[in-house]
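The values are calculated or read from the model by the stated rules, or taken from the named source; none is laboratory data. Since the structure is predicted, the reported quantities are computational estimates derived from the model, not experimental observations. Methodologically, a virtual Cβ is constructed for each residue, glycine included, from the backbone with ideal geometry; neighbour enumeration extends over all protein chains shown. Keep in mind that these areas ignore ligands, DNA and RNA; they rest on the heavy atoms of the full protein, side chains included. Shrake-Rupley method; radii C 1.70, N 1.55, O 1.52, S 1.80 Å.
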Amino acid sequence: MKKMLSLAAMFAALSYASPASAEINFSGDASTRLRGEFNNTLTNGAKVTTNDDLKYQYRVRLKAAADLGDGYFFKALVANEDYVAGSSPGWGTVAGGNGERFALQVSNFYFGHMCQDSHYMIGRLPLNSFNNPIFDLTLYPLPGLNGVGVRTYAVDVPVTQWNFDRMYAANLGTKVGNGDLNASLIVLDNHSTTENTAALGDGLLNDGYALHVSYKINIGDVTIDPQALLVLTDGNGGTYSRVTPSSFGTNVSIPAGKSKIGLSGFYTGCKDSNGLSSLTGAAANVDYNGYLVRLKGESGPAMAWVDYNHSADKTTGTEIKYSNLFFWGQYTFKVHESSKGTFSVVPTVRYRASSWDNAFAGTDRNNQLRTELYATVTF
């Protein structure tokens, strides 16, 4: 609570800055969410007992934007980024005796310059990964444990949930022909030290770096957005570390009257003889590949999409195949809308069916259904 009051005081002080200071605008949103979670897990042919659960959750986010003049700007998002057992990243979940804490911190920030045909910016940049699955497929190509021991999948927007939809990067965009070219140099991690070690093979420039390039162009009413995401130096993942996967594909947006159809298709692959197992730290001759396709529809207040992801891991010499089918559907009821803000209620359904096969244990399965009811105000 003290931290939230301190942030509120900081924003109030900034809002009364002198006339010579930059113009700062503040906005944000607050949400409550009632979540029902139902799991169905099969391991080595035996059903695993899991408890269905009902969670009462909430989230507050504050945004600041400053116009510095002559095209220069600054933007920031203050949000929660805690990982709490039994909760969701960035969401508070009501605990025993209402004893939970909801802390706010700077989630993303960036500054730069915008002009008519080009821009540049640097900082913790938002990725828009909720609508762009190339990041999910690249960072979570195989079901693996993330930094807090939770199994994650390429579907169900893991980069939005677990990486808070931001990474430290420098971005440059410019108009090329009839389209917009964007390139971002991303810093994935900082595992380099002052000397080389056998464990990491690190050094001055062997932190995890990646390059993301996209070119968005309109052909008639259709928008095509081909992209590539290349990990340039040793990256760390939930399954393998010290790897350099490459991904490519495209997003396509097709208007259909008052509706819109989205198509996405991405492929990722990695062959790296210098890899490590993230679980054991043992050397690994990493060899995996995978793809993800998405069909998305939006019509007024309704939105839904279906993802299918298939990946194959040949690292151990025995191919293991992973499949994920995912559905997200929601409908937005606008209770109030004005120039000062909105109030909406959004029932949502999320369903994931995951399976993986190998020669030793047959088929394992981990399916999950989530029913959610959001109430959100924007201001």
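Within a Cβ distance under 14 Å of L77, other residues only, what is the Lys/Arg minus Asp/Glu net charge?
Numbers: positive: R59, R61, K63, K75, R124, R166; negative: D29, E81, D165.
Once all neighbours under 14 Å are counted, the net charge is +3.
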| Mean projection area, nm², convex hull over Cα of the stretch 46-147 | 10.2 nm²
| Percent of alpha carbon pairs in the stretch 241-326 separated by more than 22 Å? | 43 percent
| remark: Note: I224 to V252 extended length (0.36 nm per residue) minus current alpha-carbon separation gives 9.6 nm
| message | Could you work out how much longer the chain between E23 and V306 gets when fully extended? Use 0.36 nm per residue separation minus the Cα distance between them, nm to one decimal. | response | 97.7 nm
| q = 0.14, 0.15, 0.23, 0.28 Å⁻¹: log10 I(q)/I(0) that the Debye formula gives for the stretch 81-127, counting C-alpha atoms only | -0.54, -0.57, -0.85, -1.04
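Would you mind getting me the FRET efficiency between N285 and L211? Use the beta-carbon distance for r and R0 = 30 Å, nearest 0.05. Please list the in-between numbers first.
Working: r = 24 Å, r/R0 = 0.82.
For N285 and L211, the calculated efficiency is 0.75.
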| Rounded Å value of the spacing that divides the Cα centres of the stretch 49-106 and the stretch 233-270 | 26 Å
| field | Fraction in percent of alpha-carbon pairs per bin - 10 Å, the stretch 290-330 | value | 26, 36, 21, 12, 4
| query | Ordering L104, L325 from largest to smallest accessible area (1.4 angstrom probe), what's the sequence? | reply | L325, L104
| query | Using a 1.4 angstrom probe and counting only protein chains, how large is the accessible area of M114 in Å², to 10? | reply | 90 Å²
| query | Expressed in nm to one decimal, what extension gain is obtained for the pair A183 and T41 from 0.36 nm per residue of sequence separation less their Cα-Cα distance? | reply | 47.0 nm
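Which value in Å is the Kirkwood Rh of the chain over different Cα pairs?
On the way: mean 1/r = 0.0438 Å⁻¹.
Value: 22.8 Å, from the Cα pair sum.
Per DSSP H run of n ≥ 4, the term is -39500 (n - 2.57); total these for the chain, divide by its residue number, and report the mean residue ellipticity at 222 nm rounded to 500 deg cm²/dmol.
Values: 3 runs with 25 residues, N = 379.
Helix-only estimate at 222 nm: -2000 deg cm²/dmol.
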| message | When the expected Rg is taken as 2.2 N^0.38 Å, what fraction or multiple of it is the alpha-carbon Rg of the stretch 314-379? | response | 1.85
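With Rg and the Kirkwood Rh both taken from Cα atoms, where does Rg over Rh land for the stretch 222-379? Kindly include the intermediate steps, with their values, before the conclusion.
Numbers: Rg = 20.0 Å, Rh = 18.6 Å.
Result: Rg/Rh = 1.08.
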| Per residue, how much accessible area does the chain have with a 1.4 Å probe, in Å²? | 52 Å²
| query | Å³ per residue of the Cα convex hull, for the stretch 257-297? | reply | 75 Å³
| said: Once you place label points 7 Å from the Cα toward the Cβ at M114 and V335, how far apart are they in nm? | reply: 3.1 nm
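Relative contact order for the stretch 198-299: what percent, with Cα pairs under 8 Å and sequence separation of 6 or more?
Once normalised by length, the contact order is 21 percent.
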